[in-house]
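Novice: Got a structure for you, written out below as structure tokens; questions coming shortly.
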Amino acid sequence: MRETSSPQYERPRFLRTAYTLVGLTLFAAYLISTFPYSNTLTKVLAPMGLAVSSTSQSASFPFGARLSGVRLTSTRNASGGLLIESPAVTIAPAFLSMLTMHPGVRVKAALYDGIVNVMLRSSGSGTAISYDLDSLDLARQHLWTIPGASVVGNLSGSGSLLLNDIAESGYGVLSAAGLTFTSALASSPIRLGEGHSKFKLEQGTLTIEQLTTTGGDLTLTAEGTIQLAPDPGDSELAIQFTLSTLPAAASNLAVLLAILPHPPGPLPYHLTGTVNAPRIS
């Protein structure tokens, strides 16, 4: 007994245990870093008609992988329309989601000169998403465009969504800094300043609980609903909003204000129709 408990005996046993643990850790790291993350993301996003591809994959310490040249495309577009492109994405397993038998992934992406953190997992026939946005440059995005107009500013926010063919449920907040809108209806860019919004989703209806802008040439407040459709352009609008302008900006906004049904003030406007064919009354 004295011989087996001696330091000379304990040391090899400790080394064998340490080597075993290191070997298991390296093996697990290898499996995680070589996991087909692009295919897994595509499977998670498939209910929304989306696919993910990348040009290369390498290990990311301590667990996960780093993808380069990541592209998010629509599988419902015959030409495979590009929606989002990121030069660098770090992705790792979401271990807590595995315990609930709904494997998911955590994603950190460089996007539009900002950072996006997302956790995705399958949920029923859809995809559950938790997101956090930090300083995305709106001028660089291509998800939505307005003919003859453009917008600049930095977008941040957070929330949680359950998505299928359309957004089914969820909530979120968004804020924007340095908002500026350029339109052919204004002689110079329109400063909107700071923007804040709060929304929720329920059974495919997006409810804008609060939307305000402050500190700009034009102040906007809005609330209402958008009945989402599989084709975003067919989504139905039922939004009420008010506008007020600074006296110094009135001449710049003269053409824009002239097409409104009444001058800006406390009397609200009603935005109806669809995204592709809106009507203001």
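Novice: Check A186 against each of (1) farther than 30 Å from K43 by Cα; (2) in contact with a strand residue (DSSP E or B) (Cβ under 7 Å, 6 or more places away or on another chain); (3) among the small types (G, A, S) and name the one condition it does not meet.
Specialist: Result: A186 passes all but (2).
Novice: Within region 152-191, restricting attention to residues that are in a strand (DSSP E or B) and charged (D, E, K, R), which residue is nearest to S123 (Cα to Cα)? Please lay out each step first, then the result.
Specialist: Restricting attention to region 152-191, the residues satisfying the condition of being in a strand (DSSP E or B) are 152-163, 167-183, 190-191.
Add one more test, that the residue is charged (D, E, K, R), and what stays is 168, 191.
Numbers: E168: 12, R191: 41 Å.
The residue in question is E168.
Novice: Now for a separate question. Count, please, the residues in region 238-250 that happen to be surrounded by 12 or more Cβ atoms within 10 Å (Cβ to Cβ) and either modelled with pLDDT under 80 or out of contact with any Pro (no Cβ under 6 Å at 6 or more places or on another chain) (or both).
Specialist: Total satisfying the criteria: 6.
Novice: Within region 264-281, track down each residue that is of a type outside the set (A, V, I, L, M), touching a Gly at 6+ places or on another chain (Cβ under 7 Å) and either buried (at least 16 other Cβ atoms within 10 Å of the Cβ) or assigned to a strand (DSSP E or B) (or both). Please lay out each step first, then the result.
Specialist: Here is the first cut: in region 264-281, the ones of a type outside the set (A, V, I, L, M) are 264-266, 268-270, 272-274, 276, 278-279, 281.
Next cut, touching a Gly at 6+ places or on another chain (Cβ under 7 Å) only: 274, 276, 279.
If the condition is that a residue be of a type outside the set (A, V, I, L, M), touching a Gly at 6+ places or on another chain (Cβ under 7 Å) and either buried (at least 16 other Cβ atoms within 10 Å of the Cβ) or assigned to a strand (DSSP E or B) (or both), then T274, R279 are the ones that fit.
Novice: Kindly establish whether L220 is open to solvent by 30 Å² or more (accessible area, probe 1.4 Å) and touching a residue at least 40 places away in the same chain (Cβ under 8 Å). Break it down into steps so the answer makes sense when it comes.
Specialist: Details: open to solvent by 30 Å² or more (accessible area, probe 1.4 Å): yes; touching a residue at least 40 places away in the same chain (Cβ under 8 Å): no.
So L220 does not fit the description; no.
Novice: Among (1) open to solvent by less than 30 Å² (accessible area, probe 1.4 Å); (2) without any contact (Cβ under 8 Å) to a residue 24 or more places away in the chain; (3) of a type in the set (A, V, I, L, M), there is one condition L179 misses while meeting the rest; what is its number?
Specialist: With (1) open to solvent by less than 30 Å² (accessible area, probe 1.4 Å); (2) without any contact (Cβ under 8 Å) to a residue 24 or more places away in the chain; (3) of a type in the set (A, V, I, L, M) applied to L179, the lone miss is (2).
Novice: On the basis of being farther than 24 Å from A277 by Cα and among the aliphatic types (A, V, I, L, M), does L163 make the cut? Outline the logic, then answer.
Specialist: Numbers: farther than 24 Å from A277 by Cα: yes; among the aliphatic types (A, V, I, L, M): yes.
Criteria met by L163.
Novice: I've got another one for you. Suppose we keep only residues that are surrounded by fewer than 17 Cβ atoms within 10 Å (Cβ to Cβ) and at pLDDT 75 or above within region 36-64. Which one would you say is nearest to the chain's Cα centre (by Cα)?
Specialist: S53
Novice: Now a separate question. I need a count of the residues in region 247-263 that are farther than 15 Å from D217 by Cβ and outside any loop (DSSP other than H, G, I, E, B). Talk me through it step by step, then tell me what you get.
Specialist: As a first pass, look at region 247-263 and keep what is farther than 15 Å from D217 by Cβ: 258-263.
Checking which are outside any loop (DSSP other than H, G, I, E, B) leaves us with 258.
Looking only at that region, the number is 1.
Novice: What tally of residues in region 192-204 results from selecting those that are surrounded by 17 or more Cβ atoms within 10 Å (Cβ to Cβ), assigned to a strand (DSSP E or B) and modelled with pLDDT under 90? Quick ask: steps written out before the conclusion?
Specialist: Quick first cut of region 192-204, residues surrounded by 17 or more Cβ atoms within 10 Å (Cβ to Cβ) only: 192-193, 195, 197-199, 201, 204.
So of that shortlist, the ones also assigned to a strand (DSSP E or B) come out as 192-193, 195, 197-199, 201.
Subsequent filtering for residues that are modelled with pLDDT under 90 retains 192-193, 201.
Qualifying residue count, region 192-204: 3.
Novice: Sticking with this one: If you go through region 205-217, how many residues are open to solvent by 30 Å² or more (accessible area, probe 1.4 Å) and of a type in the set (A, V, I, L, M)?
Specialist: 2
The values are calculated or read from the model by the stated rules, or taken from the named source; none is laboratory data. Please read all numbers here as calculations on a predicted model, not as lab measurements. Every residue, glycine as well, gets a Cβ built from its backbone with ideal geometry; the counts of neighbours run over all protein chains shown. Accessible surface areas use protein heavy atoms only, side chains included; no ligands, DNA or RNA. Shrake-Rupley method; radii C 1.70, N 1.55, O 1.52, S 1.80 Å.
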